[in-house]
Amino acid sequence: MIAHIEKDQCTGCGNCLAACPGGLLSLTGAEDVNRRGVRYAVLSDPSSCVECGQCELMCTAGAIRSGKEEGSGYALIRKEGIPPHGGCYLGTLTKVLADAAVHLGIEKDMVIFEKEASNINLDVETHSYNDDSFYADGLAYKVEHPEKLVILICASSKARSTAQFVERYAALRDETVTIVNTLNWFETTEILEGITAGGCHNLEELARTSSASFLARAGVRTPGEVRELARFVEKALHNQMAGKPFSVVEMLFPCLYRVGDRPQSLMPFEQVDRINAWFDACVAPDYEYKVYLDR
């Protein structure tokens with residue numbers, strides 16, 4: 001099926017433009033906006049589309065359906081819950097988890113514990129909190145419901161949460177859960193060069209000291225990185241299904257909302273592109289994408 005774009009769902013971030021190998025996608029002109037008030041993606045030459053699925057893979061808003069991949073979790077994504085800031089890579093995590101649920105046939109067994117700000121909008125059992133009790137509650141839930149596949153969506157961002165997760169990870173032993181940690185805090189000054197990078201390097205320490213069964217880190221800003229993240233998440237869930245000790249999968253990305261000075265409207269793709277270029281130069285080199293532990 002040739003890529004179908006829900007124009008009113010599009011947030012205008014432009015992620016799909018670079019992903020299309022044929023350069024067939026573009027944004028509409030300045031006067032042609034959707035219900036969100038932004039320029040939206042269009043397919044310029046449908047007859048040349050090779051149905052590779054790259055555009056759907058990179059869409060963070062659930063706006064593109066290519067039909068390329070069998071078992072896609074597209075139908076599990078609650079489109080109305082997409083974060084209001086364009087290009088938010090938590091939308092990528094939402095899609096990765098949706099696809100994993102369908103690929104593994106675990107839609108009815110997947111249970112997500114998250115902070116409300118995580119915005120993982122799936123039609124699976126989800127427990128959202130406005131405080132940190134999601135973590136302890138998620139671990140307790142797994143003890144009470146060992147047949148369920150529990151996913152804890154965490155964020156190591158500012159110094160406080162980084163230190164908090166050092167303590168939390170140190171306390172883990174044989175808990176059979178899947179932790180997805182988002183490394184996405186990068187506060188901004190008026191110019192990107194003045195930014196202070198947050199986040200942590202807990203994964204490296206865990207690989208040396210923990211009883212984890214699987215530890216890995218991936219990016220999310222290219223099709224290859226998203227596919228790797230998807231493989232890591234499915235591997236972590238496989239380990240949980242097999243009763244192995246906990247897994248941690250980290251995903252590294254710029255928080256466009258914070259780096260963009262907390263925009264109250266959707267960010268134009270030119271600004272997203274600028275932030276990604278800065279991120280590639282100043283942040284990504286400090287983190288290695290790989291499997292740190294697999295046993």
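Where a number appears in this text, it was derived from the coordinates with a stated rule and is not lab data. This is a predicted model, so every value here is computed, not measured. When we count neighbours, we look across all protein chains shown, and the Cβ atoms used for this are built from the backbone with ideal geometry, even at glycine.
General remarks:
- Within the set [x] 37, 20, 18; [y] 31, 22, 17; [z] 40, 21, 16, the number that semi-axes √(5λ) of the Cα gyration tensor in Å takes when calculated for this structure is listed as [y].
- Placing +1 on each Lys and Arg Cβ and -1 on each Asp and Glu Cβ, with no other charges, gives the chain a dipole about its Cα centre of roughly 160 debye.
- Gyration tensor verdict on region 90-129 (Cα atoms; rounded if a/c is under 1.5, prolate if a/b is larger than b/c, oblate otherwise): oblate
- The chain: Cys lacking any partner C-beta under 4.7 angstrom: CYS10, CYS13, CYS20, CYS49, CYS52, CYS59, CYS88, CYS154, CYS200, CYS255, CYS282
- Simple label model, 7 Å out from Cα along Cβ direction - CYS52 to MET241, nm: 3.0 nm
- Mean projection of the Cα convex hull over all viewing directions, computed for region 1-69: 4.0 nm².
- A straight Cα-to-Cα reach below 12 Å connects LYS108 with the aspartates and glutamates ASP123, GLU125, GLU147, residues fewer than 8 places away in its own chain not being considered.
- Between LEU293 and LEU215, the built amide H atoms are under 5 Å apart, and every one of these is 5 or more places off in sequence or on another chain.
- Comparing ARG35, ARG78, ARG217 in a Gaussian network model of the chain, where Cα atoms under 10 Å apart are tied by springs, the biggest mean-square fluctuation is seen for ARG35.
- Here each label is just a point 7 Å from Cα along the line to Cβ, and for ARG173 and ASP8 those points are 5.4 nm apart.
- With contacts taken as Cα pairs under 8 Å and at least 6 residues apart, the chain reaches a relative contact order of 17 percent.
- Taking 29 Å as the limit for the C-alpha separation, the pairs LYS79/LYS244; LYS79/LYS235; LYS79/LYS148; LYS7/LYS235 exceed it in the case of LYS79/LYS244; LYS7/LYS235.
- Of the residues THR222, ASN34, GLY86, the one whose Cα sits farthest towards the positive end of the charge dipole of the chain is THR222 (charges of +1 on Lys and Arg Cβ, -1 on Asp and Glu Cβ, taken about the Cα centre).
- Extension gain, GLN164 back to GLU147 (0.36 nm per residue minus Cα-Cα distance, nm): 3.3 nm
- Nonlocal amide H pairs with MET110, under 5 Å, H built at 1.01 Å: LEU149
- Extent along principal axes [Cα atoms of region 221-295; Å; largest to smallest]: 44, 26, 19
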